[in-house]
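The values are calculated or read from the model by the stated rules, or taken from the named source; none is laboratory data. This one's a predicted model, so the numbers in the text were calculated from it and none came from an experiment. For neighbour counting, all protein chains shown are included, and Cβ atoms are generated from backbone atoms with ideal geometry for every residue, glycine included.
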Amino acid sequence: MKEQTASRKKSMSHEVDKRDMVNLDFYDNEILIMQHKLKSISANPGSAEAKKKVQHLKHELDNQKHHLDEFRKNFDVEEMFLSHKPKFQDKNLKISDEANVIKNDENFFLHLQSFESNFKGIRQEVLEFIDEHA
């Protein structure tokens, strides 16, 4: 997904794509699924080390969920998507306003890439643990 986002950034550097909103929903759902699986594993009797690892992974997923929620709030992504097209179609839009929109979108993509990069490692760690204990 990171590669898809990067390629979309290059081709549409000033346009937030609806697929990026879906990516955020996908990450939200993926976090919920992994949290549920970890909860199932923690319900089974196991070693103290495994329980400690589950707590660590739950904490990491909670942090990722928090970062995702903050990301949504900071960029007000729904508003960005809904208000984008009319702004660029408005002939009276000042160049500086358009530049601010483009800069905001570039920041959006940079933050999205950063989130995806961090999430990828945590997701891998969680999935490997789940596979070992399923």
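Observations, loosely collected:
- Residue in region 5-19 that is modelled with pLDDT of 90 or more and surrounded by 12 or more Cβ atoms within 10 Å (Cβ to Cβ) present: no
- Of the residues making up region 107-117, those that are in contact (Cβ under 8 Å) with a residue 24 or more places away in the chain and either surrounded by fewer than 16 Cβ atoms within 10 Å (Cβ to Cβ) or more than 13 Å from the chain's Cα centre (by Cα) (or both) are 107, 111, 113, 117.
Yes or no, residue by residue, for (1) surrounded by 16 or more Cβ atoms within 10 Å (Cβ to Cβ); (2) under 24 Å from residue 30 (Cα atoms); (3) modelled with pLDDT under 85; (4) charged (D, E, K, R):
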| site | (1), (2), (3), (4) |
| --- | --- |
| 85 | no, no, yes, yes |
| 88 | no, no, yes, no |
| 91 | no, no, yes, yes |
| 101 | yes, no, yes, no |
| 105 | yes, no, yes, yes |
| 119 | yes, yes, no, no |
| 128 | no, yes, no, yes |
| 131 | no, yes, no, yes |
| 134 | no, yes, yes, no |
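- For residue 74: the one exception among (1) under 22 Å from residue 128 (Cα atoms); (2) modelled with pLDDT under 90; (3) among the polar types (S, T, N, Q); (4) exposed (fewer than 15 other Cβ atoms within 10 Å of the Cβ): (1)
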